[in-house]
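Since every read-out is calculated from the coordinates, none of them should be taken as a lab result. Here the structure is a predicted model, which is why all the values come from computation and not from measurement. Here the Cβ positions follow ideal geometry from the backbone for every residue, glycine too, while neighbour counts run over all protein chains shown.
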């Protein structure tokens, strides 16, 4: 009895249509990365567990897929101790950032810094599968390492702007800066409560001013500290106006009168970045958003998040700057900044907004029906293919209805039916199945056929 | 103390240069697959072990990478029995053929047959790593399933011919047919010795006629049987002449006088295929080679092998027809034929023959030096990038020597150095670093800059 085939939960097959749509996203992203001089690299699916463990927190360690040592994995194992660490030395890539850091350190002598790289590869997480969360999914990461200039932050914003312009999706780019959040906690007098403060601020739109202040109180902030935060919650106006107001607060103008050097530095970075964005010119809105709480445990400067304006889904890109990406592998003081495109969510946005180009549905442009006249149609097919036109020949001389059905199911827009008469006359029929228009060509006149097929 | 980073043995990092070169191969192959109407699919890296086990023989089962169940993999395990089958339910993809068969059966109701698919993904084998053999490597498979027509075999030959024409590598395509080998064993009177006979014949060029006959004797063939094989060993002339001679032998004209229906059917297929190849016209030589012994355990019709003519390496493509690809998953009578491109060997051939295009060395066409005039150069960069030119801006206003060094190390062919004078005049300098030619452009004249940069 044959087994009923299936795939592991949380993994997916991608058929022709979905693969074409996904490649449209990947190809668009890749083409933009390239115009900014980022070069692609690839790292192995398996990394040593020593590279992966301890990089994603305790929870992350549990979500790593471990690969059983080959050979007799259990030979020599001590069964009185936990077995997994003894019988598994390799794990599947959990993200692209740690392998990138490992790559930079391992190959530091071959790399020209600043090193601008992108990487589009699958990652694996033993998460509980649920809607929109998979155990295997692609990440598209673009990072530059070895430069502290805000030009790098600018380029990431430009890349996002260009990618979504090409995909015809309106987005908003939100920018925060970890140093400003540090500064806010400092002028409050609660420098260890950066995360609590930011997470509370993040709820302002949903719950209102009073509820945010309640939460801050619950988290242990004093009334004086909350009085320092309040003007930040009431911040309004243009980015320039907000930056100026924040600068005044960080420079001793808050209720506490404390000056935060970190906060001022963060504002310098934001001001420079927004100045560069104005000079470069981008199509999509770019906003300062001090409530952006992504990656507070590792980002040290800019923090980015991108949301689709016309489709309700979480963030579709995110990233930021980390001052010591490679330190854990022995290369200190390497500042990097990067952004990651969430392919699955972008896919859902394009699907939801019906933004995939029509041509993706069929790869094939023309079906040459098989009427038994292969020696006549084979050179025609060869000439059109050499000119880049995707052409299929129906393999069997089957009934014409069956061949039409095949063209229909594959949404092939043109069909060519040539019997012995056409072969004798050296004439090729081409029919546009959408409009019904039919024309006849000299079998050697590839250029004329191309014009009709591409017209 | 930081750990020294490394990757698992048998796996590889691909840096920018190597990734660009590999993508050149993949993109070429993909573009050709598409012009023949093959559609790309992707399957998960992990398959259920029940899908994989027993499909590659005992040796293959040992070479599967097994993934430890997540959670407490050892909970409930019976330690008196082998643990691996109890604690691992998933394995990494070992090839693309079994996942393809599984995909076809699982999605049979969504697929239009004949189903023409290609797949370019990594596979993993726990082989002992050695030169040219890796534990993670890419396969590029193109297959059609659900059609017995020789037009499919023809297309695979055309695809090979076109791919290597585009890659500028001269190849020979060798074709055999399993049914002819079956026929030969039948007319010998040793129908169970197909593999022994073919393997012995395969050594003819290396060891000569007598040694081959010695081997056949050692394998248990009688003198009469060897007398039947002898004319095959002495076969010469054109493919047509060889086919005619083989037909006479299969049709009762051999020393045994036995008629082989299987052999005659195989010769019909070969004759039809070579006729189609002549009608279609291919650039590279295509030969019948009865000694081709690839995949004798599973191929049932055509057998293909491709070798580079100007570079000594094993076969760079291989494939064939299998009459019952999906039977093991419960879908009988699905005949398929396919071919697999060996990306690593093709890479070695292109490297050895120096056939990689020059442009691959640098992705970036122009470095805009950073002289502190960012508001002037940012719009220039944006305009050129929108036109598809890969442009970098040096992120820091560093010393010019450092910026030149960067362009040099990355082999960026053009540099643009614009200080306050150029900014004031609205003029952009462009210098071709290879020829030394330098020109000045109006900063708004993107078209003229493009012509110079692409010229």
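Can you compute the helix-only [θ] at 222 nm over the protein assembly as shown? Use -39500 (n - 2.57) per DSSP H run of at least 4 residues, normalise by all residues, nearest 500 deg cm²/dmol.
The helix-only estimate for the protein assembly as shown comes to -12000 deg cm²/dmol at 222 nm.
Just the projected area, averaged over all directions, of the convex hull on the alpha carbon atoms of region B:170-307: how many nm²?
So the Cα hull casts an average projection of 7.8 nm².
Averaged over peptide B:270-276, how many Cβ atoms belonging to another chain are found within 10 Å of each residue's Cβ?
The shielding value for this peptide is 1.
What nm distances, shortest first, do you get from the label point of residue A:241 to those in the other copies when the point sits 7 angstrom along Cα to Cβ?
Residue A:241 label point versus its equivalents elsewhere: 9.3 nm.
Using packing as a proxy for protection, rank B:51-63, B:341-353 so that the peptide with the highest average count of other Cβ atoms within 10 Å comes first.
For the peptides B:51-63, B:341-353, the packing ranking is B:341-353, B:51-63.
Report the relative contact order of region A:362-454, percent, no decimals, based on alpha-carbon pairs under 8 angstrom and at least 6 residues apart.
About 31 percent, as a whole number.
Over the alpha-carbon set of region A:85-194, work out the extent along each principal axis and list the three values in angstrom, largest first.
So the extents along the principal axes, rounded to whole Å, are 51, 43, 42.
List, shortest first and in nm to one decimal, how far the label point of residue B:113 (7 Å from Cα along Cα→Cβ) is from its counterparts in the other copies.
5.9
Please work out the C-alpha center-to-center distance from region A:2-64 to region B:267-336 and express it in whole Å.
The distance from the Cα centre of region A:2-64 to that of region B:267-336 comes to 33 Å.
Can you tell me the orientation of helix A:239-250 relative to chain A, as the angle in degrees between its alpha-carbon axis and the longest Cα principal axis, to the nearest 10?
Result, in degrees: 30.
So what is the orientation-averaged projected area of region A:154-241, using the convex hull of its C-alpha atoms, in nm²?
7.0
Using only the alpha-carbon atoms of chain B as identical scatterers, what base-10 log of I(q)/I(0) does the Debye formula give at q = 0.07, 0.11, 0.13 Å⁻¹?
Here the Debye-derived log intensity ratios amount to -0.52, -0.99, -1.19.
How far is it, in nm, from the label point at residue A:401 to the one at residue B:23 when both lie 7 Å from their Cα along the line to the Cβ?
4.9
What is the mean number of Cβ atoms from other protein chains located within 10 Å of the Cβ atom of each residue in peptide A:41-53, rounded to a whole number?
Taking the mean over all residues of the peptide, I get 6.
Mind pulling the angle between the C-alpha long axis of helix A:16-35 and the longest principal axis of chain A? Nearest 10 degrees, somewhere in 0 to 90.
Once rounded, one gets 60 degrees.
For region B:386-429, what is the per residue volume of the convex hull drawn over the alpha-carbon atoms, in cubic angstrom?
98
For region B:362-454, what is the per residue volume of the convex hull drawn over the alpha-carbon atoms, in cubic angstrom?
87
To the nearest 10 degrees, how steep is helix B:97-106 against the longest Cα principal axis of chain B, on a 0 to 90 scale?
Taking Cα atoms only, the helix is inclined about 90 degrees.
Between region B:170-199 and region A:363-419, how many Å separate their Cα centres?
Taking the Cα centre of each part, region B:170-199 and region A:363-419 sit 34 Å apart.
Measuring nothing but label to label, 7 Å from Cα along Cα→Cβ, what are residue B:397's distances to the other copies in nm, shortest first?
Listed shortest first, these distances are 7.8 nm.
Given region A:368-408, report the % of alpha carbon pairs whose separation exceeds 16 Å.
35
Provide the packing ranking of A:236-244, B:271-279, i.e. peptides ordered by the mean count of other C-beta atoms within 10 Å per residue, highest first.
B:271-279, A:236-244
Rounded to two decimal places and with Rh computed the Kirkwood way over Cα pairs, what is Rg over Rh for the protein assembly as shown?
That ratio equals 1.02.
Rank-order B:289-300, B:93-104 by packing density, defined as the average count of other C-beta atoms within 10 Å over each peptide's residues, highest first.
Going by the mean number of other Cβ atoms within 10 Å, highest first, we get B:93-104, B:289-300.
Across the residues of A:385-397, average count of Cβ atoms on other protein chains within 10 Å?
Mean number of neighbouring Cβ atoms from other chains: 5.
Seen from all sides and averaged, what is the projected area of the convex hull of the Cα atoms in region A:150-205, in nm²?
One quarter of the hull surface, i.e. the mean projection, equals 5.2 nm².
Could you tell me, in Å, what Rg and Dmax come out for the Cα atoms of region A:402-455?
So, for region A:402-455, Rg and Dmax equal 11.5, 31 Å respectively.
Give the dimensionless ratio obtained when the Cα radius of gyration of region A:253-343 is divided by 2.2 N^0.38 Å.
1.28
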